[in-house]
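*Asks:* Mind having a look at this structure? Questions to follow.
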Amino acid sequence: MPVDALSDQTTDVLVVGGGPSGLALATELGRRGLSVRVVAPHPPQPFAPTYGSWLDELAGWAQACTAQVWTDVRVYTGPQPTPLLRPYGLLDNARLLEALLERAGERLCWTQGRVAGAEQRGKLWHVRGEVGEEWTARLVVDASGHGGLLLPTPFEGGAALQTAYGIVAHFQRPPSPPGAMVWMDYRAPHLDPAEVRAEPTFLYSMHLGGDRYFVQETSLIARPAPSREFMQARLYARLKALGTPPHDTESDEWVAFPMNAPAPVPGPILAYGAAAGLVHPISGFQVAGALKDAPRVAQAVVTALENGEDAAAAGWDALWPPERRAARGVHLLDLGALLELPGDRLGQFFAAFFHLPAAEWHAFLGPHTGVRELARSMLKVFAHAPNAVRLPLVRAALAHPGVSLRALREAARMKEPARFSHPPDATAGHAMGMTQSDEAQREANSGDVDQQEVVEEGMQGAVGSVNADGLAPGVDREEKLEELRENMAEVSGQQQ
């Protein structure tokens, strides 16, 4: 890979940002014969954050970039663990970077610098650097991370953040079950109930071998979000209550990123990764999805450039087709419900969520699940949840009647055949010599899952004329709200 080569030459694509998502797209573009320049403030270096992923969501080559894989993955929404029976991997960031650069080959040029702006003149983009540099390219991709640089992300009502503080350290006593990965532990007997209600947080923990663990206190979503100091204090209070103070701390980590990005409005600049709104609004995941989406988006861009068509438009269409935009509306509705839910009820919500058949909660946390399947899953969660959890779900639905009515109609059609917009890859073989019984695999894959239909025009986030609620102009809002109230009452079995 050339570094600072081709500095005076026009490239096919310029990618702003050197994170895993932008580099994944740059790699796939290079593999398809395009010249690509990555502009980042630093030279190639291992990515700093800790990235975890469900193993089945990683492409085969990326599975080889895992540092560790757990088959004992569990959540605690109450005193007893819920086994998830779905392997989970920790990415080795140095290995991932090396694999991406190796896959890109000589078609990728890495330039150290900071982008200050971009202007299109004729058929070329002229990208300005902070210290007077100028680079030209046929297409510009904003992969600068959360919020975007060239395409700033609007957050309705302000950004709702996921925040977390974590450490890699050694422990005399295990802070979580040895050999296990704890995806979510909402138990907090050491806190006053009022503290939990106001500021809910959970433990995310990985046993890294021996007496070494990664432990992280996480706030799933909040607006306003807790501070680093607050989350650090929460983590150490938990460890103290468990009788497991850390020693020989190797590193610490603070993350804070928005969860409520809407489906972006396409424009002449293509965005990718977090800058393109790819963060999952419920889990906060996006890297595995970006790695998997990159070949499809890259091929769309390459085909458009070869045919003399609008490459940015082709990339946007591949990344955010109408059905994915519609699904984002449903996910944001669910996110709104979680924001309204008192903190001491989050455990009950996730207890109902993980009561779903495995294939259904897998799909709900996936990046390409459609409106029908999302709606059916949420209605099942609604049915299993106590009333204290149901009420915020109803309030969120009533706040966005267009999205909610569409979701309810899709759920009512859940026995009809449908199809995914982007068929999932066949699950690759497990890396690292993992074992899992056939019985466990059958249980993990149980549940009938309706696949996604192609969504028609005229709905939230899709092509068509709609307002912010997903309702066509001129529709009687009060009439739609009343229809939604009746539907929700029917679903919940409660009379108005």
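The values are calculated or read from the model by the stated rules, or taken from the named source; none is laboratory data. Computed from a predicted model, the values in this text were never measured in an experiment. When we count neighbours, we look across all protein chains shown, and the Cβ atoms used for this are built from the backbone with ideal geometry, even at glycine. Each accessible area value is taken on the protein alone, full model and side chains, heavy atoms only, with ligands, DNA and RNA left out. Shrake-Rupley method; radii C 1.70, N 1.55, O 1.52, S 1.80 Å.
*Asks:* Suppose the filter is closer than 25 Å to Ser53 by Cβ and not in a loop (DSSP other than H, G, I, E, B); does Ala298 pass it? Steps first, please.
*Replies:* Details: closer than 25 Å to Ser53 by Cβ: yes; not in a loop (DSSP other than H, G, I, E, B): yes.
Against the criterion (closer than 25 Å to Ser53 by Cβ and not in a loop (DSSP other than H, G, I, E, B)), Ala298 qualifies.
*Asks:* What is the number of the single condition among (1) open to solvent by 10 Å² or more (accessible area, probe 1.4 Å); (2) in contact (Cβ under 8 Å) with a residue 12 or more places away in the chain; (3) within 28 Å of Tyr204 (Cβ to Cβ) that Asp12 does not meet?
*Replies:* (3)
*Asks:* While we're looking at this one, here's another question. Would you check which residues across segment 86-124 are at positive phi and touching a helix residue (DSSP H, G or I) at 6+ places or on another chain (Cβ under 7 Å) and list them?
*Replies:* Residue satisfying the conditions is Gly105 alone.
*Asks:* Can I ask one more? Among the listed residues Val265, Val255, identify the single one that is open to solvent by 10 Å² or more (accessible area, probe 1.4 Å) and free of Cβ contacts under 8 Å to residues at least 12 places away in the same chain.
*Replies:* Values: Val255 fails: free of Cβ contacts under 8 Å to residues at least 12 places away in the same chain.
Selected residue: Val265, the only one of Val265, Val255 that is open to solvent by 10 Å² or more (accessible area, probe 1.4 Å) and free of Cβ contacts under 8 Å to residues at least 12 places away in the same chain.
*Asks:* Every residue in segment 59-87 that is in a strand (DSSP E or B) and open to solvent by 20 Å² or more (accessible area, probe 1.4 Å), please.
*Replies:* Of the residues in segment 59-87, the ones in a strand (DSSP E or B) are 66-70, 73-76, 81-83.
Ala67, Gln68, Val69, Arg74, Pro81, Thr82, Pro83 - these are the residues of segment 59-87 that are in a strand (DSSP E or B) and open to solvent by 20 Å² or more (accessible area, probe 1.4 Å).
*Asks:* While we're looking at this one, here's another question. What about Pro281, is it part of a loop (DSSP other than H, G, I, E, B) and open to solvent by 20 Å² or more (accessible area, probe 1.4 Å)? Walk me through how you get there before you give the answer.
*Replies:* Numbers: part of a loop (DSSP other than H, G, I, E, B): yes; open to solvent by 20 Å² or more (accessible area, probe 1.4 Å): no.
No, not satisfied.
*Asks:* In segment 304-315, is there at least one residue being assigned to a helix (DSSP H, G or I) and of a type in the set (S, T, N, Q)?
*Replies:* Step one: filter segment 304-315 for residues assigned to a helix (DSSP H, G or I), giving 304-306, 311-315.
Keeping just the survivors that are of a type in the set (S, T, N, Q) gives none.
Scanning segment 304-315 turns up no residue that is assigned to a helix (DSSP H, G or I) and of a type in the set (S, T, N, Q).
*Asks:* Residues that are closer than 19 Å to Ala160 by Cβ, modelled with pLDDT of 85 or more and open to solvent by 30 Å² or more (accessible area, probe 1.4 Å): which helices (runs of 4 or more DSSP H) entirely in segment 321-408 hold 1 or more of them?
*Replies:* Details: elements: 322-340, 346-353, 358-364, 371-384, 387-399.
Counting at least 1 such residues, we get 322-340.
*Asks:* Continuing with this model, one more query. Given the condition within 21 Å of Gly179 (Cβ to Cβ), crowded, with 17+ Cβ neighbours inside 10 Å and out of contact with any Pro (no Cβ under 7 Å at 6 or more places or on another chain), answer yes or no: does some residue in segment 34-50 qualify? Lay out the reasoning, then the answer.
*Replies:* So in segment 34-50, the residues within 21 Å of Gly179 (Cβ to Cβ) come out as 50.
Okay, now just the ones that are also crowded, with 17+ Cβ neighbours inside 10 Å, so 50.
Among the residues that remain, those that are also out of contact with any Pro (no Cβ under 7 Å at 6 or more places or on another chain) are: 50.
Yes, there is a match, as at least one residue in segment 34-50 is within 21 Å of Gly179 (Cβ to Cβ), crowded, with 17+ Cβ neighbours inside 10 Å and out of contact with any Pro (no Cβ under 7 Å at 6 or more places or on another chain).
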